[in-house]
Every structure is written in structure tokens, then in C-alpha cells.
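Below you will find the structure I want to go over with you.
Derivation of every value follows stated rules applied to the coordinates shown; laboratory data play no part. A quick note: this is a predicted structure, and the numbers were derived from the prediction, not measured. Here Cβ is always computed from backbone atoms with ideal geometry, including for glycine, and neighbour counts include all displayed protein chains.
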Amino acid sequence: MLNILVTGSKGQLGSELKELSSTYAYNFFFTTRDDIDITDKDSIRSFCQNNHINAIVNCAAYTAVDKAENDETNADLINRKAVKKLALVSKELNIKLIHISTDYVFDGTSYKPYVEAYQTNPQSIYGKTKLEGETEMLSINPSNSIIIRTSWVYSYYGNNFVKTMLRLGKEKESLGVIYDQVGTPTYAKDLAKTILDMIPQIKNSKVEIYNFSNEGVVSWYDFAKEIMRMSKLSCKVNPIETKDYPTPAMRPHYSLLNKNKIKSTFNIEIPKI
């Protein structure tokens, strides 16, 4: 039986993995920073050896995009240094490592879906530290390991755009939502199921990068309108430009991900948004 370590287990993806865990014949270890310090190589190695871990799903991340602009040290600690330590232990103990990354590694200036090999150019500290985490993992190159880039994650758990819109939709008569940032939402449960289905199939000598989001394309404005419609909320959604809603961190204007590689390699069908 596979023994799977899930880090960051109380976040959106970690929580969805836990929800699905009873439907898979794996033995799971759902951990937080209280159980294992992923910034400490010895802590990771000890946990993995004591529990005979075969695979790690790294859901831990510093995801406060705007806060990261003034907190690069902590963003770097989780998004780069911890990934390096996990990769070193994975290589040493021959453990599969599935690491979750982001569409924010791209600058958003393309107008065709990003393939995995497209030139990266992050525009924020968050995107920069996530890309540096990828680079560390690629350099260490633990076998049978992958990086999954995803976008616009939402779930019943944690903080996300859907929950914010539902709250504001009940509080306000109208609100402005950005229409000139385009991408694809990712339902965390769909990503979680894909990961659990993929784990036994992962066989590669070098780290591979895959894109995953749900199928389709929307702007944040389109997404918000659909949330209001499905929830039968009367709040009016007005389109605004990015310049009308300035934030500390720059976000990609276009971050649609091409999923052909993951679909063909693992023979999966991705649900539509």
C-alpha cells in the first residue's frame, strides 16, 4: 500500500485530498506545520523514514499574493527553500514528489494558452518565489516526481474568490469586478482527484511539469456573474479594468493553461468550469 504524505493539509487542496482519501486504497498522513517542519531537512527525512512514505503531495505554500510583496523572506522560505528540502529528501529516499505551482510564473502577455515549456516571467514576489521553488526541484531532480501548475483555485474550504463573491453578494447591491484578467478557475476537488489517480502512474527519470485547471475560459467578471446567477443573488456585477482596482502585486492579464500534456500522459478527462 502507498503511504502518502500530504503537507499543508488544512488548505484548499489538502482539505479536498482528505475528503477523497476514504475512496482510495492508500495510507495517508495529513500534516501541518505542527507535525512536520518542511523547512528542515532532518524533520522531513525523519518523518518519511518513520512512516515509510512512498509519495509526498506538497500542498503547502505562501499564497498571500499581495502580502508577499513586503514579506519576501517568508514567501521564499515556504515557496522555495521548503521545496528544495522536500526535493532533497525525495531524491535521497526515492520518494515521489508532487509539487503544486501556479500560473503566476507567467507574465500574462500571451494570448494563446500557455504550454509548460513557455518562457516564464513572473511579475510578483509570489510568482517569483514559486518559480524559484520549481527551479530548485528541477535542479535536484528527484525521479518519479512532477510539478503541477494550476490557476484560480477555489473550494468549499479556505479563502477564495467564490467565497468572497458569495459573501459580498449578500452584503452589497452591486460591486465592480475586473474583466481584463482572463484565465480558468480550478475546483480543488477536481485537482485532488487527478493527483490521486496519477500517483501510481508517475514514472519519469526527470522532473516533469504539467498544467492543470478546469476546462473553459472566463474573466473574473464572468466568473463573478456566474456565481451570483447560480446562487440566485441579486447583487449587480459591474465590469472594471485592472487599473481601477490597483493591488500591491501585479497579476497576469491572461493565464489560460494548455492541459494537453497532462491529459494525454495520464489519459484523464478534465471537467468544465
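About its Cα centre, what dipole magnitude does the chain give when the only charges are +1 on Lys and Arg Cβ and -1 on Asp and Glu Cβ, stated in debye to the nearest 20?
With Lys and Arg at +1 and Asp and Glu at -1, about 480 debye.
Give the range of the longest stretch in the chain that excludes all GluC sites (Glu not before Pro) found in loop regions by DSSP and having at most 15 other beta-carbon atoms within 10 Å.
Here the longest segment lacking exposed loop sites spans 1-172.
Could you pull the Cα extents of the chain along its three principal axes, largest to smallest, in whole Å?
55, 38, 37
I would also like to ask the following. Working out 0.36 nm times the residue gap between residue 174 and residue 236, then minus their Cα-Cα distance, what length gain in nm do you get to one decimal?
21.9 nm
Further question: Just to be sure I understand the model, the point goes 7 Å from the Cα along the line to the Cβ. What's the resulting residue 258 to residue 10 distance in nm?
Using points 7 Å along Cα→Cβ, the separation is 4.0 nm.
Just going by the charge dipole of the chain, with Lys and Arg at +1 and Asp and Glu at -1 on Cβ, which of 201, 253, 218 is farthest out on the positive end?
201
Which cross-chain or sequence-distant (5 or more) residues have an amide H under 5 Å from the amide H of residue 57, H modelled 1.01 Å from N in plane?
Long-range HN contacts for residue 57: 5, 6, 7, 98.
From the Cα gyration tensor of the stretch 1-102, with a ≥ b ≥ c the square roots of its eigenvalues, which class applies: rounded if a/c is under 1.5, or else prolate if a/b is larger than b/c, or else oblate?
Judged from the Cα gyration tensor, the stretch 1-102 comes out oblate (a/c at least 1.5, b/c at or above a/b).
Using just the helices of the chain, give the 222 nm mean residue ellipticity in deg cm²/dmol: DSSP H runs with n ≥ 4 each add -39,500 (n - 2.57), and the total is spread over all residues, rounded to 500.
Theoretical 222 nm ellipticity from helices: -10000 deg cm²/dmol.
Structure shown: which of 18/41; 163/193; 41/163; 96/261; 163/189 lie over 27 Å apart, alpha-carbon to alpha-carbon?
In this structure, 41/163 exceed 27 Å between Cα atoms.
Ignoring trypsin sites (Lys or Arg not before Pro) that are buried or in helix or strand per DSSP, and keeping those with at most 16 other beta carbon atoms within 10 Å, what is the longest stretch of the chain between them?
The longest uninterrupted stretch comes out as 34-171.
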